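A short worksheet on the structure shown next.
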């Protein structure tokens with residue numbers, strides 16, 4: 001039982017680190033890539049939906065993204081969502097297509113991107129800690145139901161803490177690599 005909880009927690013922590021890696025990959029390092037806009041949410045008739053659900057995002061060239069909303073009435077909403085995002089982009093609308101030029105990475109822009117990366121890393125750490133808390137709660141429930149002893153609970157919690165430390169360290173390493181990558185350009 002304890003092993004099941006530990007394995008489940010480890011699997012979920014590994015997935016959190018993997019998800020962070022995907023999020024950090026979206027933070028641009030100089031090239032226009034359609035996934036840069038994936039986290040932007042657009043107000044679609046009162047609901048917040050990902051930009052992919054209301055528009056087609058393509059890389060026009062190395063420095064420009066083209067966003068083509070599927071409905072003509074969504075052009076202004078999509079443009080507004082891109083402007084208000086944490087990416088600091090200024091879209092240009094030409095009819096039904098929104099062109100998003102990627103500004104050159106200045107020192108200030110790099111620092112902004114590092115802030116975004118740090119925020120993503122903190123979300124990853126929080127997710128890992130939440131998994132730890134849930135696993136510890138499962139151990140407490142098992143003790144309450146007399147399925148395991150308090151000593152087993154303590155050993156289980158120690159194992160979960162070691163897993164938490166391991167995966168938080170991985171998050172920190174991913175962040176450090178991304179920061180180096182952003183500052184090296």
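The values are calculated or read from the model by the stated rules, or taken from the named source; none is laboratory data. Just so it is clear, the model here is predicted, and its values are computed rather than measured. As a convention, Cβ positions derive from the backbone with ideal geometry for all residues, glycine included, and neighbour counts pool all protein chains shown.
Checked against (1) more than 30 Å from residue 110 (Cβ to Cβ); (2) modelled with pLDDT of 90 or more, residue 167 meets all criteria but (1).
Is one or more of the residues making up the range 115-129 without any contact (Cβ under 8 Å) to a residue 60 or more places away in the chain, in a loop (DSSP other than H, G, I, E, B) and over 30 Å from residue 74 (Cα atoms)? So far as the range 115-129 goes, no, none of its residues is without any contact (Cβ under 8 Å) to a residue 60 or more places away in the chain, in a loop (DSSP other than H, G, I, E, B) and over 30 Å from residue 74 (Cα atoms).
Only one entry of 133, 154, 110 meets the criterion of being more than 16 Å from the chain's Cα centre (by Cα) and touching a residue at least 60 places away in the same chain (Cβ under 8 Å), and that entry is 110.
Working only within the range 130-149, note down all residues that are in contact with a helix residue (DSSP H, G or I) (Cβ under 6 Å, 6 or more places away or on another chain) and either outside the structural domain of residue 9 (by TED's automatic domain parsing) or in a helix (DSSP H, G or I) (or both). Spell out how you get there, then give the answer.
Filtering the range 130-149 for residues in contact with a helix residue (DSSP H, G or I) (Cβ under 6 Å, 6 or more places away or on another chain) gives 131-132, 135-136, 138-139, 143, 148.
Of everything in the range 130-149, those that are in contact with a helix residue (DSSP H, G or I) (Cβ under 6 Å, 6 or more places away or on another chain) and either outside the structural domain of residue 9 (by TED's automatic domain parsing) or in a helix (DSSP H, G or I) (or both) turn out to be 131, 132, 135, 136, 138, 139, 143.
Apart from one condition, residue 164 fits all of (1) touching a strand residue (DSSP E or B) at 6+ places or on another chain (Cβ under 7 Å); (2) assigned to a helix (DSSP H, G or I); the exception is (1).
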